[in-house]
Amino acid sequence: MAHKAGFVSIIGKPNVGKSTLMNALVGEKLSIITPKAQTTRHRILGIVNEEDFQIVFSDTPGIIKPKYNLQDSMMTAVGGALQDADLILFVTDINERHDEEDVLEKITNTNIPLVVLINKVDNATQEQVTEKTKYWQEKLNPVQIFAISALHGYNLEGLLPLVLDYIPEHPAYYDKEDLTDRNLRFFASEIIREKIFNNYQKEIPYSTEVIITAFKEEDNISHISAEIIVERESQKNIIIGKGGAGIKKIGMEARKDIEKFIDGKVFLETHVKVIANWRSKDNYLRSFGYER
């Protein structure tokens with residue numbers, strides 16, 4: 001039987017459930033998930049391998065109008081994901097008020113087959129689902145529309161066979177043992193960043209970057225050192241917290257999740273460093289792994 005392999009890009013506005021969907025499709029937590037918008041900053045690949053196919057899913061940052069250089073880089077990642085896609089999964093929230101113009105600008109002129117996934121339908125009425133389905137059928141004329149709940153795995157079973165219909169015959173792009181293109185350092189930094197998003201409000205999560213400065217694997221334990229980058233001294237003080245309570249909480253929560261992810265013991269050391277306006281400085285963005 002011929003082998004199939006191809007790329008499927010998951011796109012949509014911030015906070016519609018793209019990361020939850022990819023994690024559900026791949027069967028592993030590869031993308032961090034928080035209730036806040038713009039959590040995903042990079043294009044992250046999640047790979048589904050079977051004997052006769054390999055599907056490479058791309059989780060992408062939520063599509064927005066960029067206001068500073070970091071967001072420019074995030075939208076560059078979306079553009080890259082659209083260029084090499086064999087199929088686009090456009091995720092929209094059942095509760096959206098039809099204001100996805102930023103997304104539609106990127107997909108209306110493409111020749112890539114498009115599937116619309118109306119997400120978060122677990123609390124929706126049939127009337128709402130019917131209305132949304134009709135709207136998107138008229139607006140985009142996609143190859144298929146699914147009403148799903150990525151969080152609860154509802155109605156995802158028909159997605160994989162449909163995806164395979166649009167994946168070409170091709171040898172595997174990645175080793176069949178690979179789940180992703182990212183290394184452990186990347187996931188350690190993302191887990192720490194997730195804890196910052198979950199523990200802090202307002203601008204703090206968006207002004208923060210996490211850099212793994214050391215990752216040393218020994219027989220019984222991995223020693224990880226991380227720098228939490230912020231833009232102002234006041235943000236540093238908030239992250240550290242009274243008597244160091246804030247950074248200690250982040251470290252404890254992150255260490256537990258990193259241990260679960262790598263299936264081993266971890267010693268995690270965290271420091272906070274101020275780099276003024278790093279989100280607008282290309283040299284720092286490049287050194288932090290963003291496309292510029």
Inset, instruction - Pop a pseudo-label 7 angstrom from the Cα along the beta-carbon direction at both LYS216 and ASN155 and give the gap in nm to one decimal. - result: 5.2 nm
Legend entry - Per residue accessible area in Å² of the stretch 128-286, where ligands, DNA and RNA are left out and the probe is 1.4 Å: 56 Å²
Inset, instruction - Determine, from the Cβ-Cβ distance of ASN111 and TYR135 and an R0 of 22 Å, the FRET efficiency 1/(1 + (r/R0)^6), rounded to the nearest 0.05. - result: 0.45
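Rounded to the nearest 0.05, what FRET efficiency do GLN201 and LYS176 have when you use their Cβ-Cβ distance and R0 = 35 Å? Display every interim value, and only then the final one.
Numbers: r = 43 Å, r/R0 = 1.22.
About 0.25, to the nearest 0.05.
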Legend entry - Length added when fully stretched, GLN126-LYS265, from 0.36 nm per residue minus Cα-Cα: 45.3 nm
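If you average over every viewing direction, what projected area does the convex hull of the Cα atoms of the stretch 38-161 give, in nm²? Display every interim value, and only then the final one.
Details: hull surface 33.3 nm².
If you wrap the Cα atoms of the stretch 38-161 in a convex hull and average its projections, you get 8.3 nm².
Which links in LYS120/LYS256; LYS195/LYS260; LYS67/LYS202 stretch past 24 Å when you go from one Cα to the other?
On the way: LYS120/LYS256 29 Å; LYS195/LYS260 15 Å; LYS67/LYS202 17 Å.
Those over the limit are LYS120/LYS256.
Could you please report the charge total around HIS170, scoring K, R as +1 and D, E as -1 over all other residues with beta-carbon less than 11 angstrom from its beta-carbon?
Values: positive: LYS4; negative: ASP86, GLU169.
With Lys, Arg at +1 and Asp, Glu at -1, the neighbours total -1.
Can you check what the net charge comes to around ILE44, using other residues whose Cβ is under 15 Å from the Cβ of ILE44 (Lys, Arg +1; Asp, Glu -1)? List each step's numbers first, then the result.
Details: positive: LYS18, LYS29, ARG41, ARG43, ARG182, ARG185, ARG193; negative: GLU28, ASP59, ASP84, ASP178, ASP181, GLU190, GLU194, GLU291.
After counting each charged neighbour, the total is -1.
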Inset, instruction - Compute the acute angle (0 to 90°) between the alpha-carbon long axis of helix 69-83 and the principal axis of greatest extent of the alpha-carbon atoms of the chain; round to the nearest 10°. - result: 30 degrees
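The values are calculated or read from the model by the stated rules, or taken from the named source; none is laboratory data. Keep in mind it's a predicted model, so treat the numbers as computed, not measured. Cβ atoms come from the backbone with ideal geometry, glycine included; neighbour counts cover every protein chain shown. To get the accessible areas, we keep the full protein, side chains included, count just its heavy atoms, and leave off ligands, DNA and RNA. Shrake-Rupley method; radii C 1.70, N 1.55, O 1.52, S 1.80 Å.
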